[in-house]
Amino acid sequence: MSFRTSPRPPATPPSATDYTEDVSPGSGALPPRAWYAASDARSLSLNGRWDFRLSPTADAEDDSFAARGYEPGGWSGVEVPGHWVLQGHGSPIYTNHLYPFPVDPPRVPTENPTGDHLRRFDLPPDWPADGGTVLRFDGVESCARVWLNGTDLGTFQGSRLPHEFAVGHLLEPGGNVLAVRVHQWSAGSYLEDQDQWWLPGIFRDVTLLHRPPGSALDFFVHASYDHHEGLGTLRVDSDVDGRVLVPALDIDVEAGTPVTVPVLPWTAETPRLYDGELVTEGERVPLRVGFRTVELADGLIKVNGTAVLFKGVNRHEWHPEKGRALDPETMLADVLLMKRHNVNAVRTSHYPPHPAFLDLCDTYGLWVVDECDLETHGFTEQGWRDNPVDDPRWTPALLDRAARMVERDKNHPSVVLWSLGNEAGTGRGLTAMAEWIRGRDNSRLIHYEGDPDCRDTDVYSRMYADHAEVERIARHQDDGGPGRRRLPFILCEYGHAMGNGPGGIADYQRLFTSYDRLQGGFVWEWIDHGIRDERHGFAYGGDFGEELHDGNFVCDGLVFPDRTPSPGLVEYKKVIEPVRIEPVRIEGRDLPSPSGADRESGAGRGGTVRVTNGYDFADLSGLAFEWSYQVDGESVESGPLVVPALAPGQSAEVELPPPPLDPRGSEAQWTVRATLAGETAWGPRGHVVAWAQIAVTEPASPAFTPSARPAPGDGVITLGPGTFDARTGALLALGGVEVVGPRLDVWRAPTDNDNGAHWQTDARHGPLWRALGLHRMRHRLDAVEARDDSLTVRTRVAPAARDLGLRTRYRWTSDGTRLRLTVSVAPEGRWTLPLPRLGVRLGLPGSADRVTWLGGGPGEGYPDTMTACMNGRWESTVDAMQTPYVRPQENGARPGVRRAEIGGLRVEGDPAFWFTARRWTTEQLDAADHVTDLRPGGTVWVNLDHGQQGIGSQSCGPGALPQYQLWAAPAEFSFLFSEVRG
Ligand code: GAL
């Protein structure tokens with residue numbers, strides 16, 4: 001028996017959209033060149049309202065729309081720059097690394113949303129007709145085909161890269177028609193698998209630029225700095241003859257001629273730019289020259305001879321309504337926020353940003369790791385088989401991407417490292433890119449994280465390594481091969497800022513400042529990519545019905561989607577502050593207080609602090625120092641502190657003034673601040689850059705002597721001002737304040753870091769806590785004992801189905817006006833997990849609103865996120881104490897609280913406690929998916945915690961370090977409750 005083989009199917013006829021599956025970068029575009037903001041050349045912005053039509057597939061509609069005279073009747077419109085899915089056409093998709101289409105490179109799905117865009121324009125009357133006009137697209141996702149006046153100009157891929165076409169010969173004075181067909185999916189999509197929303201559209205500027213005859217096709221500013229001699233060398237290469245002028249430096253030379261003059265160097269801390277011009281026959285190109293030399297020396301990344309410490313962030317471009325279509329104000333807002341929070345570096349994860357952003361980095365001073373638009377992370381699902389990065393057919397596309405980045409951005413002094421891309425595996429394509437970049441620009445170093453062998457890179461870079469590993473690397477004790485061992489080390493991503501957190505960044509910073517090899521890192525990431533909508537507040541993955549998505553993993557930034565700083569940014573600012581202020585000797589703490597006579601004679605200063613300049617380049621002349629002396633959190637005296645203009649790395653011991661006489665309260669402390677001495681480009685005079693608090697006297701336990709006795713009544717027991725339920729022993733009221741009696745609470749709405757990333761199976765506390773039943777603890781009442789001067793309630797707190805529990809005793813006493821509650825907790829059974837929290841929860845009437853406290857503030861803090869909490873007296877409201885994490889979770893605890901007042905109730909802690917108040921229960925907070933799910937109830941719930949589990953950053957990275965974990969152990973803690981009248 002024989003089988004007939006079926007005939008081969010006919011080859012698919014080439015379609016008009018074959019370019020979407022083309023591994024080549026496209027056709028028809030001009031070679032890449034340097035971007036510059038302005039010149040005396042003419043430009044016409046084509047941004048604005050365009051006619052728009054969306055088709056479900058790439059070739060559902062023919063090309064006739066590109067012809068002149070086509071009437072787009074029935075079309076709608078979109079704003080350019082913009083993404084059509086954020087303008088009511090289709091919807092966005094969020095995936096972390098999974099391709100939202102079958103992986104069959106370079107093929108793309110038939111369902112390929114395609115947006116046809118039309119823009120009609122007239123030329124301004126005096127537009128030169130010499131043919132030297134180009135049409136520039138600064139960013140189109142993912143692939144475009146362009147026609148002008150019916151002529152097909154070509155196609156391109158490379159979403160976050162510029163593409164230009166020569167169009168001078170096609171332009172008419174009036175009635176020009178620009179037609180752009182944009183496909184959501186293309187071969188290029190395989191190279192753009194970054195963890196972010198898939199957002200098709202013309203999302204950056206479209207510009208018509210006139211380049212007069214005799215203009216430079218391209219120019220390259222080489223501006224180095226010799227730190228030994230203080231000399232800068234400038235050479236501006238241009239492909240046409242021209243002169244280079246820098247008036248402030250008396251430079252007037254031929255293009256291509258090097259000139260060496262004394263200059264002030266450019267650094268991120270001292271961003272000195274010199275304005276100049278490249279004058280060619282056709283055009284005067286503005287130059288902004290920053291002199292600096294980047295090199296690998298002594299195994300370190302050095303700029304101008306000095307090793308730099310990156311205090312960086314990873315910045316995706318994001319706007320909650322416009323997606324990646326960023327306006328200049330938003331870019332500036334990012335830069336100012338970064339500078340004001342002591343951030344000194346940006347990794348442009350994971351693609352070159354809008355070019356104007358780099359101008360801002362030059363101007364305000366930020367080190368930039370400029371990353372290529374390349375990520376193929378989804379191939380990890382198949383063990384990197386077929387990874388385009390190791391397939392020579394894709395190499396031209398990779399080289400095109402590298403060249404478009406380097407050529408566009410090469411004249412920015414802020415760019416100190418080129419990054420080949422992110423999470424693209426390893427392969428020949430990367431090597432080709434690195435070789436090309438080195439050949440074109442050897443004045444910068446090369447970064448890429450994904451190759452453990454560091455074949456193509458100048459820096460050993462990792463993401464999310466834990467503290468212990470980072471320390472091993474610092475000591476050259478890791479298992480890296482010899483190639484990698486000699487390289488400097490950075491964490492290109494760490495401190496995953498998803499939801500509440502990141503925790504443990506202060507511990508990283510201690511490592512970074514202790515070991516030379518560690519040159520800092522870049523927190524992941526700058527901003528939550530939430531999309532604003534009414535239903536969700538901010539939407540995240542899955543909110544648009546995506547069949548594949550990664551939920552709120554897209555909301556993992558230091559600022560909320562609307563750029564409000566989250567507590568994580570406030571913490572980071574403090575952790576990376578560039579000045580260290582430490583006590584050396586403090587009067588009253590280490591030595592007896594001065595006598596009155598000593599004070600009058602000026603002897604007996606308040607002590608000495610050591611101030612250290614932690615900048616790499618700047619001295620401290622830009623900062624003013626001030627001290628204040630606080631008693632019980634309130635400043636009783638303040639004044640300036642004279643600190644010398646220390647050079648980087650230098651320290652000085654500075655005397656504090658005599659402390660004020662006769663402090664009224666029980667706790668005294670010094671606060672020393674370093675502020676901007678004058679207004680700078682990025683911050684006002686007085687802006688706080690760094691600070692420290694130094695305790696003089698430690699808080700004392702509140703005095704209390706029990707005197708009242710419990711008195712039985714009708715179903716109640718009274719004790720001093722307290723009324724208790726006689727049967728359960730629960731506190732019902734304190735004086736006139738109704739209370740839902742405090743009882744033990746161990747549950748918190750798991751944070752994203754508690755939940756952990758799904759691939760991190762070890763110690764993901766959120767799910768394990770839930771499996772153990774910590775969210776449904778039961779309280780068994782064992783005894784209510786009213787005896788002598790106390791009311792004692794004995795309970796056992798435990799979850800169903802488990803034999804472990806917490807034997808808990810509440811002991812109430814009173815001095816007649818106050819109630820003292822002492823909670824004793826004894827764990828039973830085998831606890832294999834830390835507790836989320838340990839404390840009591842109580843309810844107050846919903847009218848409770850204003851909160852005052854003495855302790856840590858003004859923002860929240862947890863054991864490993866509270867560096868930025870200042871000890872002081874604070875005032876807020878219940879609503880304002882909530883931190884609106886995009887996905888609701890535990891938030892809002894104020895640490896180290898000694899005293900708090902809320903709703904007529906005063907609570908004093910013995911010892912200090914964590915204070916949290918909210919208008920919903922922890923269970924409601926836990927159940928909410930978005931902030932809009934949270935509805936205030938009639939009770940304000942207050943948590944007074946003796947302990948909190950650390951936060952860590954296990955949503956992608958290590959969990960809380962051991963010293964921040966809250967293990968079940970015998971514990972005793974007390975609160976004094978009283979009524980505040982008035
Ligand atoms: C990294 C990746 C980032 C982001 C992060 C987690 O692996 O480079 O793009 O996905 O993890 O948020």
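The values are calculated or read from the model by the stated rules, or taken from the named source; none is laboratory data. From a predicted model like this one, the values you see are computed outputs, not experimental measurements. Cβ placement follows ideal geometry from the backbone for every residue including glycine, while neighbour counts extend to all protein chains displayed. Note: areas computed on protein heavy atoms with side chains; ligands, DNA, RNA excluded. Shrake-Rupley method; radii C 1.70, N 1.55, O 1.52, S 1.80 Å.
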Exercise for the section: Report, as a whole number in µm² per second, the diffusion coefficient that Stokes-Einstein gives for segment 114-268 at 10 °C and 1.306 mPa s using the Kirkwood radius over alpha carbon pairs. Expected result: 85 µm²/s
Handout entry: Relative contact order for segment 290-350, counting Cα pairs under 8 Å that sit 6 or more residues apart, in percent
Key = 32 percent
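I'd like the carbon and sulfur percentage of the solvent accessible area for segment 664-772, probe radius 1.4 Å, heavy atoms only, ligands and nucleic acids excluded.
Working: 2520 of 4860 Å².
For segment 664-772, the apolar C and S fraction of the accessible surface comes to 52 percent.
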Exercise for the section: Evaluate the distance, in nm, between pseudo-label points positioned 7 Å from the Cα of ASP849 and of ASP152 along their respective Cα→Cβ axes. Expected result: 6.8 nm
Practice task
Heavy atoms only, probe 1.4 Å: what % of the accessible area of segment 513-563 goes to carbon and sulfur, would you let me know?
Solution key: 42 percent
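What accessible area per residue comes out for the chain, rounded to a whole number of Å², with a 1.4 Å probe? Walk me through the numbers on the way to the answer.
Working: 36870 Å² over 982 residues.
I get 38 Å² per residue for this part.
Roughly speaking, to the nearest percent, how much of segment 53-176's 1.4 Å accessible area is carbon and sulfur?
Numbers: 2300 of 4590 Å².
For segment 53-176, the apolar C and S fraction of the accessible surface comes to 50 percent.
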Problem - Calculated from backbone phi, Karplus (6.51, -1.76, 1.60) coupling profile of segment 965-978 in Hz, x at Gly/Pro - result: 8, 10, 8, 4, 7, x, 9, 9, 8, 10, 9, 10, 10, 8
Practice task
Within segment 506-548, list the trypsin sites (Lys or Arg not before Pro) lying in a DSSP loop whose Cβ has at most 12 other Cβ atoms in a 10 Å radius.
Solution key: ARG535
Completion exercise
In degrees, nearest 10, the alpha-carbon axis of helix 505-514 is tilted away from the dominant principal axis of the alpha carbons of the chain by 70 degrees
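Which whole-number percentage describes the relative contact order of the chain, with Cα contacts under 8 Å and a sequence gap of 6 or more? Display every interim value, and only then the final one.
On the way: 2576 pairs, mean separation 84.7, N = 982.
Rounded, it is 9 percent for the chain.
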Practice task
Between ARG787 and THR867, take the C-beta separation as r, use R0 = 56 Å, and let me know the FRET efficiency to the nearest 0.05.
Solution key: 0.80
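If you build the convex hull over the alpha carbons only and average its shadow over all orientations, what do you get for segment 938-978? Give it in nm² to one decimal.
Seen from a random direction, the Cα hull of segment 938-978 projects 5.3 nm² on average.
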Problem - Degrees between helix 328-340 axis and first principal axis of the chain (Cα, 0 to 90, nearest 10) - result: 40 degrees
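Stretched out fully, how many nm does the piece from ALA826 to SER27 gain, at 0.36 nm a residue minus the Cα gap? All intermediate terms of the calculation are to be shown ahead of the outcome.
Working: separation 799, 0.36 × 799 = 287.64 nm, distance 7.34 nm.
Contour length minus the Cα-Cα distance gives 280.3 nm.
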Handout entry: Cα-based Rg and Dmax for the chain, where Dmax is the largest Cα-Cα distance (Å)
Key = 32.1, 119
Problem - segment 753-796-segment 894-919 distance, computed between alpha-carbon centres (Å) - result: 21 Å
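Working out 0.36 nm times the residue gap between GLU469 and SER621, then minus their Cα-Cα distance, what length gain in nm do you get to one decimal? Mind showing how you got there, number by number?
On the way: separation 152, 0.36 × 152 = 54.72 nm, distance 3.74 nm.
Fully extending the segment from GLU469 to SER621 adds 51.0 nm.
For LEU264, what is the net charge nearby, where nearby means another residue's Cβ is under 11 Å from its Cβ and Lys, Arg count +1, Asp, Glu -1?
Values: positive: ARG272, ARG292; negative: none.
Result for the neighbourhood of LEU264: +2.
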Exercise for the section: On a 0 to 90° scale, report how tilted helix 395-409 is relative to the longest principal axis of the chain, with both axes built from alpha carbons and the result rounded to the nearest 10. Expected result: 70 degrees
Practice task
Return the subset of LYS322/LYS410; LYS311/LYS574; LYS302/LYS410; LYS339/LYS574 for which the Cα-Cα distance in this structure is over 23 Å, preserving the input order.
Solution key: LYS322/LYS410
Practice task
Mind jotting down the distance between the C-alpha centroids of segment 501-520 and segment 799-829, whole Å?
Solution key: 39 Å
Practice task
Give the Rg/Rh ratio for segment 753-801, taking Rg as the radius of gyration of the Cα atoms and Rh as the Kirkwood radius, to two decimals.
Solution key: 1.30
Exercise for the section: Note the full-extension length gain between HIS227 and GLU61 as 0.36 nm times their separation in residues minus their Cα-Cα distance, in nm to one decimal. Expected result: 53.6 nm
Handout entry: Local net charge near TYR885, Cβ-Cβ under 11 Å (Lys/Arg +1, Asp/Glu -1)
Key = -4
Completion exercise
segment 186-238 and segment 43-95 have their Cα centres apart by a whole-number Å value of 27 Å
Handout entry: Alpha-carbon spread of segment 860-964, three principal axes, descending order, Å
Key = 43, 34, 19
Handout entry: Share, in percent, of DSSP beta bridges within the chain that are antiparallel, nearest 5
Key = 90 percent
